[in-house]
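The values are calculated or read from the model by the stated rules, or taken from the named source; none is laboratory data. The structure presented is a predicted model; accordingly, all values stated were derived computationally and were not measured. With ideal geometry, Cβ positions are generated from the backbone for all residues, glycine too; neighbour counts draw on all protein chains shown. Accessible surface areas use protein heavy atoms only, side chains included; no ligands, DNA or RNA. Shrake-Rupley method; radii C 1.70, N 1.55, O 1.52, S 1.80 Å.
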Amino acid sequence: MYFITGGLDAGLLTDFSNNSFFVTPKVGFSAASIVRMYYGYHILQNPTDFAKIGNHRISLEINMAAFHNFKIMP
């Protein structure tokens, strides 16, 4: 069972002298809700404060709780 998924992450980048709020819309796919792969694009409030941080993000999520539901782990 494969699904196309999406989401929105938000957070605060800081180096304790500068900070910048960011929002990251993301889209990806899920395999049986156990493994998810996303591509996201950071939208920074103050992009010049963190010029070395890239805007693109690829993330992999593994849902350990789903292992129990699918009887993969006892």
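Can you name the residue in region 10-49 that is open to solvent by less than 40 Å² (accessible area, probe 1.4 Å) and of a type outside the set (Gly, Ala, Ser) and is also nearest to Ala66 (Cα to Cα) among such residues?
Ranking the qualifying residues of region 10-49, first place goes to Ile34.
Scan (1) in contact (Cβ under 8 Å) with a residue 12 or more places away in the chain; (2) assigned to a strand (DSSP E or B) for the single condition Ser33 breaks and write down its number.
(2)
Gly28 fails exactly one of the following numbered conditions: (1) assigned to a strand (DSSP E or B); (2) more than 18 Å from the chain's Cα centre (by Cα). What is the number of that condition?
Only one criterion in (1) assigned to a strand (DSSP E or B); (2) more than 18 Å from the chain's Cα centre (by Cα) is unmet by Gly28, namely (2).
Residues of region 39-61 being outside any loop (DSSP other than H, G, I, E, B) and under 12 Å from the mean Cα position of the chain (by Cα), which ones? First the steps, then the outcome.
First pass over region 39-61, keeping only residues outside any loop (DSSP other than H, G, I, E, B): 39-41, 43-44, 47-50, 56-61.
Those that are outside any loop (DSSP other than H, G, I, E, B) and under 12 Å from the mean Cα position of the chain (by Cα): Tyr39, Gly40, Tyr41, His56, Arg57, Ile58, Ser59, Leu60, Glu61.
When both residues are 6+ apart or on different chains and their Cβ atoms are under 9 Å apart, which pairs have a first residue that lies in region 44-57 and is without any contact (Cβ under 8 Å) to a residue 60 or more places away in the chain, and a second that is of a type in the set (Val, Ile, Thr) and open to solvent by 80 Å² or more (accessible area, probe 1.4 Å)?
Asn55/Ile43
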